[in-house]
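Notes for the one structure printed next.
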Amino acid sequence: MRAAFALLVLAAAAGTAGCRPATPLGGPGSGDDPRAAGKLVHMPASTPRYSDLRRHTFSPTGADADPLLTPDNRTLVFASSVHGPAYNLYEKTVDGHVVSLLTEDPDDERFPRLAPDGRTLAFAANRHGNWDLFRKPLSARGEWVPIATDPEDELWPTWSPDGRSLAYSILFPEGWTIRTIDVTGRKTDVAQGILPAWHPTRPLIAFQRARGREEPWYAIWTLDLET
């Protein structure tokens with residue numbers, strides 16, 4: 001409940017701005033449209049489209065979210081509330097059932113992203129009443145290193161191809177903004193939007209952006225950081 005409440009608070013704050021997600025999970029708006037958040041369309045499991053549908057987490061309690069597949073397709077990293085009200089980060093083999101704890105904190109950790117070196121995780125954590133960004137080794141134990149700890153909420157990190165920069169979303173009063181930060185700590189605000197995803201080989205970022213002020217639906221944009 002505490003994790004859900006924190007996400008709803010972020011959503012409410014974002015709702016007063018021009019570019020807002022319905023929730024930090026990135027869902028669209030609400031209402032009777034079947035595309036809206038909470039309106040799931042269930043397809044028969046026997047259809048060809050879903051013939052290869054497989055389940056990979058099996059806990060009978062809590063929720064599993066934010067899946068990340070390592071480049072070798074062998075390990076799944078994800079956030080889960082299986083052991084309490086807060087989300088922690090876990091890892092498991094893709095086909096296994098045993099999970100290993102990556103973070104152990106009384107507050108929430110979400111949205112893991114693996115650096116190009118395959119050894120470092122960036123993630124968001126709500127440790128001091130707001131969401132900040134940290135990094136740590138992809139191992140069961142490892143020191144947390146702060147990346148971005150501004151008073152504003154910071155979510156959805158994504159690595160540059162060379163691993164020397166991150167892009168993420170930061171919540172200002174006027175709305176969510178895409179910001180980049182490099183290894184020297186230099187920060188640059190580049191566009192309004194949420195859920196950035198850095199191109200794997202180019203200085204190009206894709207992201208969601210509201211179609212208009214107070215508009216709950218989104219379009220997909222890209223931004224070339226060189227031009």
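Can you list residue pairs whose Cβ atoms sit under 9 Å apart, with the first residue in region 62-75 being in a strand (DSSP E or B) and the second being open to solvent by 60 Å² or more (accessible area, probe 1.4 Å)? Count only pairs 6 or more apart in sequence or on different chains.
Ala65/Leu25; Asp66/Leu25; Leu68/Arg113; Thr75/Leu69; Thr75/Thr93
Return yes when Lys92 is within 28 Å of Arg202 (Cβ to Cβ) and either modelled with pLDDT under 90 or of a type outside the set (S, T, N, Q) (or both) and no when it is not.
So Lys92 fails the test.
Scanning region 191-227 for residues that are touching a residue at least 24 places away in the same chain (Cβ under 8 Å) and among the aliphatic types (A, V, I, L, M), which turns out farthest from Thr180 (Cα to Cα)?
Across region 191-227, the extreme among qualifying residues is Ala210.
Considering (1) open to solvent by less than 40 Å² (accessible area, probe 1.4 Å); (2) within 27 Å of Gly175 (Cα to Cα); (3) out of contact with any helix residue (DSSP H, G or I) (no Cβ under 9 Å at 6 or more places or on another chain), say which one Thr70 fails and leave the rest.
All conditions are met except number (2).
In region 195-219, how many residues are modelled with pLDDT under 95, within 19 Å of the chain's Cα centre (by Cα) and either open to solvent by 60 Å² or more (accessible area, probe 1.4 Å) or within 28 Å of Val145 (Cα to Cα) (or both)?
Final tally of qualifying residues: 2.
What strands (runs of 3 or more DSSP E) lie completely within region 77-192 and have 3 or more residues being open to solvent by less than 40 Å² (accessible area, probe 1.4 Å) and at negative phi? Talk me through it step by step, then tell me what you get.
Details: elements: 88-93, 108-114, 120-126, 131-137, 145-148, 154-159, 165-172, 175-182, 187-192.
Fully inside region 77-192 and qualifying: 88-93, 108-114, 120-126, 131-137, 154-159, 165-172, 175-182.
The values are calculated or read from the model by the stated rules, or taken from the named source; none is laboratory data. Quick caveat, the model's predicted, so the values are computed rather than measured. Ideal geometry is used to build each Cβ from the backbone, glycine not excepted, and the neighbour counts take in all protein chains shown. Remember, those area values only see protein heavy atoms, side chains included, never the ligands or the DNA or RNA. Shrake-Rupley method; radii C 1.70, N 1.55, O 1.52, S 1.80 Å.
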